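Each remark here refers to the structure printed beneath this line.
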Amino acid sequence: MSKEASRRVATFTESVIRQMTRLCQAYGAINLAQGFPDFDPPVAMRIAAAEAIRQGYNQYSTTHGSIRLRQAIAQKMRTYNHIPCNAEDNITVTCGTTEGMIAALLALLNRGDEVVIPEPFYENYGPDSILSGAKCRYVELDEPSFKIDEEKLKEAFSRKTKAIIINTPHNPTGRVFSKSELELIRDFCQDYDAFAITDEIYEHITYDGRRHVSIASLDGMTNRTITISGFSKTYSATGWRVGYIIAPRKLTAAVRKVHDFLTVCAPAPLQEACITALKLPTSYYENLRRLYSTSRSLLLQALEEASFTCTSPEGAYYIWTDIGHTGFRDDRQLAKHLISRVGVGAVPGSSFYHRPSKGRLNLRFSFSKKPETIRKAAARLARFR
Ligand code: GLN
């Protein structure tokens, strides 16, 4: 047969992050490539999930999410993120933030619309934008600070700009964008009548007393922001696939339509358990930050000793490194070497850039693991030195 897969699919490659996970599995390497915890969600959540299944939450929920969960999310968005919203007009529960992002883009973008994406960026945003038919305008963050650069935004924004994709705390650099950087983006969105689409999945994971700011909470942004977050990272439940979208009322119907035809609904019993998650005390979040803070220090030290030059993360759970002093000149080659010979997985830096020639001298390591796992990885990395 001469007919083939769609041309659309040929324009992007498979996920390098997931590819690294497969390699780690094949070689028995400690997976510091894909960002997911090696420990379970809080016990109260696991009990609530089992109980929900026992009590009969086993069929589809309302397509845009259980009303009790949407109410709990709305409450959290108002108090933690300072975003005015309510369960009926603004919230859609999705199968993870991954679905949230593609559903938001498909709901918002027309073919030919331009989307501004700060670079380096989480690798899904490229294919997501391609699938939605938009044209990507990449703006490099200022190195080595990874701050937003006003001049570069000026070059990227135009009349055709429909949206900018923001991600804070940032994957892969660990930046937590400041209020003034977000205000700068706000000014561009207002001047060019554009939307902000913001991925805030790491919102609770910040260090050294830094606070996460949601761009939708800034004056004038609530009605031009789609905020996406979820339960995967905050509650160590990446396999549950429960996320959500907070959209302005005028966009919610479009978002829900796309979501419905993509996935119908997020897993019903797990949505019930996510209501329990949102009731956890403040100490839960403090403990999570403390745990990741320990893992962050351990991995920073191990990597520096193994001659990687590290960007110390302000949030999220990734360390962006420069491999210039390791003796290797190619990110993929070094990632392969680390997995097969040293027993530690990392993600090649080039997979966070639209042009593979960039990021060749970078690797991303995740410390989303128990401190004891990071210690084991550190012992292996000492052999690399
Ligand atoms: N967000 C995580 C990462 O960047 C995991 C992504 C995924 O594989 N779904 O590694």
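At a glance:
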{"quantity": "Rounded, prolate or oblate (a/c below 1.5 giving rounded, otherwise prolate when a/b exceeds b/c) for the stretch 1-138 by Cα gyration tensor", "calculated": "oblate"}
{"quantity": "Förster radius 22 Å - calculated FRET efficiency between THR294 and HIS325, Cβ distance, rounded to 0.05", "calculated": "0.30"}
{"quantity": "Gain on full stretching of the segment that runs from GLN333 to PHE39 - 0.36 nm per residue minus C-alpha separation", "calculated": "102.9 nm"}
{"quantity": "Cross-link partners of LYS233 among lysines (Cα-Cα below 23 Å; sequence separation of 8 or more within a chain)", "calculated": "LYS76, LYS179, LYS279, LYS369, LYS370, LYS376"}
{"quantity": "R0 of 41 Å, Cβ-Cβ distance ARG249-ASN58: FRET efficiency to nearest 0.05", "calculated": "0.80"}
{"quantity": "Packing-based ranking, highest mean first, of 35-43, 299-307, 311-319 given that Cβ atoms within 10 Å are counted", "calculated": "311-319, 299-307, 35-43"}
{"quantity": "Inter-label distance for ASP219 and ARG111, nm, one decimal - labels placed 7 Å from Cα along Cα-to-Cβ", "calculated": "4.2 nm"}
{"quantity": "Separation between Cα centres of the stretch 266-287 and the stretch 132-207, rounded to whole Å", "calculated": "29 Å"}
{"quantity": "Exposure proxy order (Cβ contacts within 10 Å, fewest to most) of HIS212, HIS170, HIS82", "calculated": "HIS82, HIS212, HIS170"}
{"quantity": "Cα Rg, Dmax, the stretch 303-385, angstrom units", "calculated": "12.1, 36"}
{"quantity": "Computed lengthening from GLN190 to ASP208, 0.36 nm per intervening residue step minus Cα-Cα distance", "calculated": "3.3 nm"}
{"quantity": "Distance (nanometres) between label positions extended 7 Å along Cα→Cβ at SER307 and SER340", "calculated": "2.0 nm"}
{"quantity": "Calculated FRET value between TYR284 and LYS154, using beta carbons and R₀ = 30 Å, to 0.05", "calculated": "0.10"}
{"quantity": "Difference of contour (0.36 nm per residue) and Cα-Cα distance, PHE12 to ARG375", "calculated": "127.1 nm"}
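We did not get these values from a lab; they are worked out from the coordinates using the rules stated. Everything quoted here is computed from the prediction, not taken from an experiment. Here Cβ is always computed from backbone atoms with ideal geometry, including for glycine, and neighbour counts include all displayed protein chains.
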